[in-house]
Amino acid sequence: MTAVHVRSGTVDDADDLAGLAALTFPLACPPHTTEAATSAFIRDVLSPVRFREYLTDPARSLLLAQVVDGPDRAPAALAGYAMLVEGEPVDPDVRAVVTARPTIELSKFYVHPAHHGQGVANALMQVALDVARSGGHVSIWLGVNNENARAQRFYLRNGFAVVGTKHFRVGDRLEDDFVLAQVLRAA
């Protein structure tokens, strides 16, 4: 397995995060998602400006994974990222099925395709779960497209379970997502 360093993001990481998001978000979309819809989502939600907003929002934690390589064992370019969002779920479908409170959303979780299968996702997930636990959260939840079997398998292996469904808008289309949740500790 590759050595991975996971750290909290800073505003200085916004451009790199936006670049990684632009590369990885389309990989999670179902095949019928148009390029125009994907591009609009990246422009509106995953731009450097938006990442600067996320990085300064006290309700959000951005975790960055970097592969550690080379003779000096210094962290290299971003290999993945995760974003946790504190607060009551806004979506009524999620509120209805995620019942353990307080909860936190795993809003984004992406790994550069060059690092798939190298342990980056596992290292990033462990830190994300530790951050959620240390913040006093009883549960963690996420939405994943119902056609993204690879991501679903990963989340299930990491202790999540399907608890319901919700919709997610990409462009002018509502996509169907599974809602997955995990209890982190007894309430």
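The values are calculated or read from the model by the stated rules, or taken from the named source; none is laboratory data. On a predicted model such as this, the values are computed, not experimentally measured, just so you know. Positions of Cβ are generated from backbone atoms using ideal geometry, with glycine treated the same way; all protein chains shown enter the neighbour counts.
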Quick one: is Val127 touching a residue at least 24 places away in the same chain (Cβ under 8 Å), within 17 Å of Phe25 (Cβ to Cβ) and under 16 Å from the mean Cα position of the chain (by Cα)?
-> no
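Just need a number here: residues in region 68-103 that are modelled with pLDDT under 85 and of a type in the set (D, E, K, R).
Initial filter on region 68-103 (modelled with pLDDT under 85): 69-77.
If we keep only those that are of a type in the set (D, E, K, R) as well, we get 69, 72-73.
Final tally of qualifying residues: 3.
Only residues that are assigned to a strand (DSSP E or B) and either modelled with pLDDT of 95 or more or crowded, with 18+ Cβ neighbours inside 10 Å (or both): list them for region 1-35, please. Walk me through how you get there before you give the answer.
The first filter runs over region 1-35 and keeps only residues assigned to a strand (DSSP E or B), leaving 4-8.
Selection gives Val4, Val6, Arg7, Ser8.
So that you can scan it fast, the table gives a plain yes or no per residue for (1) at pLDDT 95 or above; (2) more than 18 Å from Ser107 (Cβ to Cβ); (3) in contact with a Phe, Trp or Tyr (Cβ under 6 Å, 6 or more places away or on another chain); (4) aliphatic (A, V, I, L, M):
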site: Ala123; (1), (2), (3), (4): yes, yes, no, yes
site: Ala151; (1), (2), (3), (4): yes, no, no, yes
site: Tyr155; (1), (2), (3), (4): yes, no, no, no
site: Ala161; (1), (2), (3), (4): yes, yes, no, yes
site: Phe168; (1), (2), (3), (4): no, no, no, no
site: Gly171; (1), (2), (3), (4): no, yes, no, no
site: Glu175; (1), (2), (3), (4): no, no, yes, no
site: Leu180; (1), (2), (3), (4): yes, no, yes, yes
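Please tell me if Ala128 is over 20 Å from Phe168 (Cβ atoms) and at pLDDT 95 or above.
Working: over 20 Å from Phe168 (Cβ atoms): no; at pLDDT 95 or above: yes.
No: the conditions fail for Ala128.
Wholly within region 76-187, which strands (runs of 3 or more DSSP E) include no fewer than the required count, namely at least 2 residues that are within 25 Å of Arg7 (Cβ to Cβ)? Lay out the reasoning, then the answer.
Details: elements: 103-111, 139-145, 161-170, 173-183.
Hits in region 76-187: 103-111, 139-145.
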Among (1) closer than 20 Å to Ala36 by Cα; (2) surrounded by 15 or more Cβ atoms within 10 Å (Cβ to Cβ), the one test that Arg169 misses | (2)
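From the residues in region 36-60 that are among the small types (Gly, Ala, Ser) and assigned to a helix (DSSP H, G or I), which one is surrounded by the fewest Cβ atoms within 10 Å (Cβ to Cβ)?
Going through region 36-60, the residues among the small types (Gly, Ala, Ser) turn out to be 36-37, 39-40, 47, 59.
Then keep just the ones that are assigned to a helix (DSSP H, G or I); that gives 36-37, 39-40.
Working: Ala36: 10, Ala37: 17, Ser39: 13, Ala40: 14.
Taking the candidates together, the pick is Ala36.
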Among the residues of region 78-102, which ones are touching a helix residue (DSSP H, G or I) at 6+ places or on another chain (Cβ under 9 Å) and touching a residue at least 60 places away in the same chain (Cβ under 8 Å)?
-> Leu78, Ala79, Gly80, Tyr81
What number of residues within region 75-101 are under 20 Å from Leu62 (Cα atoms) and exposed (fewer than 14 other Cβ atoms within 10 Å of the Cβ)?
-> 5
